[in-house]
Amino acid sequence: MTPAPPAAPLVVVCGLDHANVTEEQDVFGKAGVQLQIVVARTEAEYLERCARADGLLIQYGDLSRRVFEGLPRVRVVVRYGVGVDGIDVAAATDHGVPVVNVPDYGTDEVANHAVALLLALARKITRLDRQTRSGGWDVFRIGPVTRLAGQTVGIVGCGRIGSAVARKLGGFDVRLLGCDPYVDTFPPGVQPVAFERLLAESDYVTIHCPLTDETRHAFDAESLAWMRPTAVLINTARGGIVDTGALVEALQQGVLAGAGLDVLEEEPVDPASPLLRMEQVILTPHAAWYSEEGRSDLKRRAAEEAVRVLRGERPRHCVNPEVLGRPRRPPAAGG
């Protein structure tokens with residue numbers, strides 16, 4: 001009897017909030033990979049709905065050690081995006097599962113969004129818009145507005161996005177400071193300084209570092225107090241880098257002049273959040289990454305990475321490369 005051909009590998013897309021999976025279907029169809037879409041964010045949902053998966057494409061969720069133990073078929077996890085803070089990478093590594101991301105998508109979009117927030121806060125655009133729509137016509141009601149040229153912008157995290165921000169701000173005649181312990185060469189025009197000095201000397205601080213144990217709540221009550229009372233904080237990176245409670249208190253007490261936030265610790269924003277009632281704050285719904293071109297590029301590249309690993313090829317971006325070439329570890333007895 002002729003043996004049956006091996007079943008095509010199955011990749012499960014977990015809880016994607018995009019309108020369709022056209023790009024993924026195209027990539028997987030050409031590669032002979034099956035595609036299934038489920039909604040899975042919690043540990044229990046992953047264990048219940050992804051049992052047959054050879055690979056996971058995730059946007060949100062909690063991939064804990066128990067998930068990796070309970071899904072012995074999974075050979076790769078691909079994150080739609082850059083941050084992998086929702087994934088227990090140590091557990092994935094212990095089980096021989098590559099965790100793959102797409103760190104170089106949306107760089108231009110996020111950098112543009114950060115600069116847009118900075119300029120909108122510098123020129124108080126949203127306040128002027130609200131005043132005009134309500135029948136006002138008095139520029140001095142939103143004063144003071146200070147000239148941007150000659151002021152100092154501090155960039156926390158000088159990787160791809162931070163470097164793009166520095167490049168875009170180069171034409172605004174601002175002084176640029178940078179802080180990043182993992183960068184050897186800083187972008188042209190950026191003066192490397194210690195974190196405390198950057199906060200103390202900057203008129204605008206823009207965050208572009210990943211969320212890690214080291215950076216979680218890096219902006220807490222103590223560090224926010226190092227900033228000038230006229231300074232503005234911009235975050236398009238990860239919400240958990242900023243202690244929301246400390247930021248609210250700093251804004252309420254005038255320790256800080258304003259904030260532009262595309263990301264929050266809890267998303268979506270709580271309707272009761274004081275941030276929603278603060279005129280000196282601009283909030284956007286985790287939108288910095290978005291453009292139609294960027295979204296399509298992200299989806300296709302995430303799918304291509306899953307295919308590479310399932311074929312036994314090396315992915316382009318693996319956050320735990322030590323597992324590559326290592327067989328998937330079976331679950332513990334009784335697990």
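The values are calculated or read from the model by the stated rules, or taken from the named source; none is laboratory data. These numbers come from a predicted model, not from an experiment. Backbone-built Cβ (ideal geometry, glycine too); neighbour counts: all protein chains shown.
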Exercise. Looking at ASP129, ASP88, which one is charged (D, E, K, R) and over 25 Å from the mean Cα position of the chain (by Cα)?
Worked result: ASP129
For this session: For the range 74-96, enumerate the residues that are touching a strand residue (DSSP E or B) at 6+ places or on another chain (Cβ under 8 Å), of a type outside the set (Phe, Trp, Tyr) and assigned to a loop (DSSP other than H, G, I, E, B).
Result: VAL74, ARG75, VAL84, GLY86, ASP88
Exercise. Hey, any hits in the range 153-166 for a residue that's more than 23 Å from ILE241 (Cα to Cα), assigned by TED's automatic domain parsing to the domain that holds LEU118 and at pLDDT 95 or above?
Worked result: no
Seminar exercise, completed: Residue hits (the range 248-266; within 19 Å of the chain's Cα centre (by Cα) and closer than 14 Å to ILE282 by Cα) are ALA259, GLY260, LEU261, ASP262, VAL263, LEU264
Exercise. Can you name every residue in the range 197-225 that is without any contact (Cβ under 8 Å) to a residue 40 or more places away in the chain, under 15 Å from the mean Cα position of the chain (by Cα) and crowded, with 18+ Cβ neighbours inside 10 Å?
Worked result: THR215
Problem set entry | Flag if LEU117 is surrounded by 19 or more Cβ atoms within 10 Å (Cβ to Cβ), among the aliphatic types (A, V, I, L, M) and at pLDDT 95 or above | yes
Exercise. If only one of GLY260, GLY294 is part of a helix (DSSP H, G or I) and touching a residue at least 60 places away in the same chain (Cβ under 8 Å), which one is it?
Worked result: GLY294
Exercise. Taking the range 1-56, which residues are at pLDDT 90 or above, crowded, with 19+ Cβ neighbours inside 10 Å and assigned to a loop (DSSP other than H, G, I, E, B)?
Worked result: PRO9, VAL33, ALA40, CYS50, ALA53, ASP54
For this session: Would you mind finding the one in GLU267, GLU322, GLU305 that is modelled with pLDDT under 95 and within 24 Å of THR212 (Cβ to Cβ)?
Result: GLU267
Exercise. From the list VAL242, VAL269, VAL255, VAL263, which residue is in contact with a Phe, Trp or Tyr (Cβ under 7 Å, 6 or more places away or on another chain) and in the same structural domain as ILE161 (by TED's automatic domain parsing)?
Worked result: VAL242
